[in-house]
Amino acid sequence: MNPATGQEVTENKEILRNGDAAIVKIRPVQPVVIEKSADIPQMSRFAIRDSGATVGAGMCIELVKKPLS
């Protein structure tokens, strides 16, 4: 999406480059404490790190809870 306007530019893009903005779905491997930005904005921000480097950052706009089993 265009970071300035929020309009969709490309659908189903495989790779995000530096400066790109997108709405993505992430499935964490371990439990994560996070809230939606509409509920608690301070608890909705996150960073994604790989080998000590930050590779992404964002804000949670929607949560899909894992079903209890």
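All of the numbers you see were taken from the coordinates with simple rules; none came from a lab. None of these values were measured; they are calculated from a predicted model. FYI the Cβ positions are ideal-geometry reconstructions off the backbone, even for glycines, and counts take in every protein chain you see.
Just one of ILE40, ILE34, ILE61 is surrounded by 10 or more Cβ atoms within 10 Å (Cβ to Cβ) and more than 12 Å from the chain's Cα centre (by Cα); which is it? After applying the criteria, what remains is ILE40.
Restricting the search to region 25-69, which residues are among the small types (Gly, Ala, Ser) and within 21 Å of LYS13 (Cα to Cα)? Once the filter is applied, which keeps residues that are among the small types (Gly, Ala, Ser) and within 21 Å of LYS13 (Cα to Cα), region 25-69 yields ALA47, GLY56, ALA57, GLY58.
What about SER51, is it polar (S, T, N, Q) and in contact with a strand residue (DSSP E or B) (Cβ under 8 Å, 6 or more places away or on another chain)? So SER51 fails the test.
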